Amino acid sequence: MKKKISKSHIIRLAVCAGIIILLIPVGFFTGLFNAAVFFAGLQFDATVLLKLLIMAACVVALETLAVYLLGLPDPKSHRVRSVLSIISSVLKYVAAIVIICWGLSIIGVNVSTIVASVGIVALVIGFSAESLIADMVTGAFMIFENQYNVGDIVEVAGFRGTVTAIGLRTTSITDVGGNVKIVNNSEMKNILNRSDKTSRSTCEIAIPYSTDIEKLESEIPGVLERIYTARSGIMKAPPEYLGINELGDSGIVLKFLVEVDEQNIFAGARAMNHDLLLEFRKLGVECPFPQVDVHNIPVKS
């Protein structure tokens, strides 16, 4: 599917093209784009090459060491983990910029002159890299506003997972299956942060219509207390009995709820399904299943 080009993008491209067409000839006429000014005193021999290699190796080594040291602590605070993650991302960009600028200085290029002379190029790049700038600005605002942090469980565009890394441009989200979704920060919209509050797992279990409801309901508090004792590692409190949720085709549907951490929301539901089924069987209550009654109607001859 081709991306639709909006009128605003066409206008921006036209403005950039006009600036280039008008100003580049002026730049050559005034000597602004004189290559001799840019590369005056350019040197390149074995010694310079060795300097370049040593410089690049040192910068990369320092950046790798800094990122490694930032990854050593395992803070419990999601906020601190987010800050460490974005600092690591920034260091990679800084290292690349330092290598480029320092390398140009080593071979004799007047970096300050180049920087002062690339206003037009910077303008063109600024328009063409609109999405890149949007990603970086959005990422910065998300960190400052504490919308989500590393370790939070979020849902974005139907994808649910744990935030594993936040960079200047992208956010990595990993689901329970280990699948990693990388989302541009500017696309992190309508985020559902599931880590802000305690979550609740629900369970619905059917019983036969012939069950003595009053007797079963008197036994339920003890059943729920036993389930909580066995599942205290998952459940934050004993499950709650909400009552009869539905009068189904095959049985009466009872509904239960339990408070859990967000990462245990599915585990809590599975635990209640398993334990309630076994506890009800101990009480002589079997879960009904759909049955078909066949009636033979005699045909009169």
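General remarks:
- Net length gained if the chain between Leu50 and Glu217 were fully extended (0.36 nm per residue, minus Cα distance): 51.9 nm
- Its residues counted as N, the stretch 199-282 yields a C-alpha radius of gyration over 2.2 N^0.38 Å of 1.05.
- Cleavage-rule hits, trypsin sites (Lys or Arg not before Pro), the stretch 156-258, DSSP coil, Cβ neighbours within 10 Å at most 15: Lys189, Lys197, Lys236
- Taking Phe289, Phe256 and counting other C-beta atoms within 10 Å, the order from fewest to most: Phe289, Phe256
- Cβ crowding within 10 Å ranks Ser88, Ser232 as Ser232, Ser88, fewest other Cβ atoms first.
Read-outs throughout are calculated quantities, based only on the coordinates presented, and are distinct from any laboratory measurement. Not measured: the values here are computed from a predicted model. All Cβ positions, glycine included, derive from the backbone under ideal geometry; neighbour counts span all protein chains shown.
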